[in-house]
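See structure below.
Bear in mind that the values in this text are calculations on the coordinates, not laboratory data. This one's a predicted model, so the numbers in the text were calculated from it and none came from an experiment. In this analysis, Cβ positions are derived from the backbone assuming ideal geometry, glycine residues included, and neighbour counts consider all displayed protein chains.
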Amino acid sequence: MSSAHEPELDPVRRMRVMAAALPLHCHAEAFLEAPFVDVWAVAGDPEGGLPRLLPGLRRLVLVDGPWPHQRARAHGPWGRVVEADVLRQPGWCLMQSERTFLGLAAVPQDHGTRFGFFAGPRTARNAAAGHVLERCADHYARRVVARLRASVADGRAGRPGLAGPDRKSDGTFRHPPGS
């Protein structure tokens, strides 16, 4: 039960709590010196933004469902396709497949935006490769934040950004080596 005196968690803090509840996860938060609308135009766009941000995601297609509850089909680099439920609201995107959770959140803060990201397996059974995840999780989460910074900067500078030459004719993205 909630009282009127208890503060509500903002989306980034709510994401931090969710990430901490997972047995294994990667999590990153960062402050971006960009308006919320610019950051969320990238991070909150499953089809255009997420393939640009998430290493290993070539394409994501929303297949059905009214906003904010939708269904997506995620295409990996080796042809694997995963179905996921998507919940989107301004500043909040949570996706869950049969095996994984993934979330992005953003809130306006001072003269910029606070951004949070997490991903992890839904159950301990799927955490069998946990030692591998633990080793690369922080690096993966930092890459997501770095890609978001670059995408927002490209968009604000008038560079092609999400529609640029890194998009292949089939709608998937080319990821430069080491990105």
Residues of segment 60-74 with amide nitrogen under 14 Å from the 7 Å Cα-to-Cβ point of GLU98?
-> 74
Rg/Rg_ref, segment 56-99, where Rg_ref = 2.2 N^0.38 Å and atoms are Cα = 1.14
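Return the loop-located trypsin sites (Lys or Arg not before Pro) in segment 1-89 (DSSP other than H, G, I, E, B) with at most 12 other Cβ atoms within 10 Å of their own Cβ; answer none if there are none. Numbers along the way, then the final one.
Numbers: sites: ARG13, ARG14, ARG16, ARG52, ARG58, ARG59, ARG71, ARG73, ARG80, ARG88; in loops: ARG58, ARG80.
Passing both the DSSP loop test and the Cβ count: ARG80.
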Multiply the residue gap between ARG73 and LEU9 by 0.36 nm, knock off their C-alpha separation, and tell me the result in nm, one decimal place.
-> 20.1 nm
